[in-house]
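I am attaching a structure below and will ask some questions about it afterwards.
The values are calculated or read from the model by the stated rules, or taken from the named source; none is laboratory data. All of these numbers come straight from a predicted model, not from anything done at the bench. Using ideal geometry, Cβ is built from the backbone for each residue, glycine included, and neighbour counts are taken over all protein chains shown. Note: areas computed on protein heavy atoms with side chains; ligands, DNA, RNA excluded. Shrake-Rupley method; radii C 1.70, N 1.55, O 1.52, S 1.80 Å.
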Amino acid sequence: GGGSGIGLAGARELVKAGARVVISGRTEKTLREAETQLKALGDAEATVLDVADKKQVAQAARELLARHGRCDVLVNSAGMNVPKRLYKDLTPDDWDKVIGINLNGALYCTTAVLPAMRSQKGGLVINISSWLGRWIGYLGGVAYGASKHALATITHHLNLEEGMHGIRGCVIYPGE
């Protein structure tokens with residue numbers, strides 16, 4: 001989710017602060033444009049990745065760790081919603097798409113870098129949720145709301161289970 005929106009804005013700030021940043025996303029054209037913007041500011045690269053595909057995520061993490069040797073901060077900002085989001089229209093396939101990217105993608109990315117964070121005795125996972133992940137809202141729909149609420153739960157468990165390894169997590173709840 002680093003090629004546009006909140007993910008790209010966060011990547012810009014991290015690059016400006018001196019971090020080496022690797023962004024990912026599903027759309028190569030969008031990613032290359034974002035990569036060009038970020039490289040003008042500092043050390044950045046992009047990789048095409050569908051976070052809903054756990055095999056792609058595992059491979060991307062292996063490549064990233066082989067190239068850079070560590071992962072200090074993971075920002076899970078990939079997110080999507082579907083037009084037909086209310087119970088009266090929602091299909092199981094649309095549910096799976098939303099949960100696959102918004103929730104499973106964050107879990108796959110986190111578990112892919114956790115071993116490296118444990119071995120380096122530290123790391124930070126930032127999960128980008130939504131105002132609708134904190135409060136129930138009609139217009140977001142059931143799949144989006146469920147996925148964004150669940151990000152808080154996986155983050156709390158990360159803190160409970162991995163804090164002893166110097167790994168911490170936080171959830172950000174942006175509004176519109």
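Looking only at region 20-44, filter to residues that are of a type in the set (S, T, N, Q) and assigned to a helix (DSSP H, G or I); which one of those is surrounded by the fewest Cβ atoms within 10 Å (Cβ to Cβ)?
Thr36
Now a separate question. Do any residues in region 33-47 that are of a type in the set (Ser, Thr, Tyr) have Cβ atoms under 8 Å from those of residues that are open to solvent by 30 Å² or more (accessible area, probe 1.4 Å), where the two are at least six apart or on different chains, and which pairs are they?
Qualifying pairs under 8 Å: Thr47/Val22; Thr47/Glu63; Thr47/Leu64.
While we're here: Restricting the search to region 133-176, which residues are basic (Lys, Arg) and over 16 Å from the mean Cα position of the chain (by Cα)?
Arg134
Between residues in region 56-80 that are free of Cβ contacts under 8 Å to residues at least 24 places away in the same chain and within 30 Å of Gly140 (Cβ to Cβ) and residues that are polar (S, T, N, Q) and crowded, with 21+ Cβ neighbours inside 10 Å, which pairs lie under 7 Å by C-beta distance while being six or more apart or on different chains?
Pairs that qualify, where the first residue is free of Cβ contacts under 8 Å to residues at least 24 places away in the same chain and within 30 Å of Gly140 (Cβ to Cβ) and the partner is polar (S, T, N, Q) and crowded, with 21+ Cβ neighbours inside 10 Å, are Met80/Asn102.
Name the strands (runs of 3 or more DSSP E) wholly inside region 62-176 in which the number of residues that are touching a Leu at 6+ places or on another chain (Cβ under 8 Å) and open to solvent by 80 Å² or more (accessible area, probe 1.4 Å) is 2 or more.
Filter on region 62-176 gives an empty set.
Hey, can you tell me all the residues within region 12-32 that are over 23 Å from Asp53 (Cβ atoms) and either touching a residue at least 60 places away in the same chain (Cβ under 8 Å) or of a type outside the set (Val, Ile, Thr) (or both)?
Matches in region 12-32: Arg12, Glu13, Leu14, Lys16, Ala17, Gly18, Ala19, Arg20.
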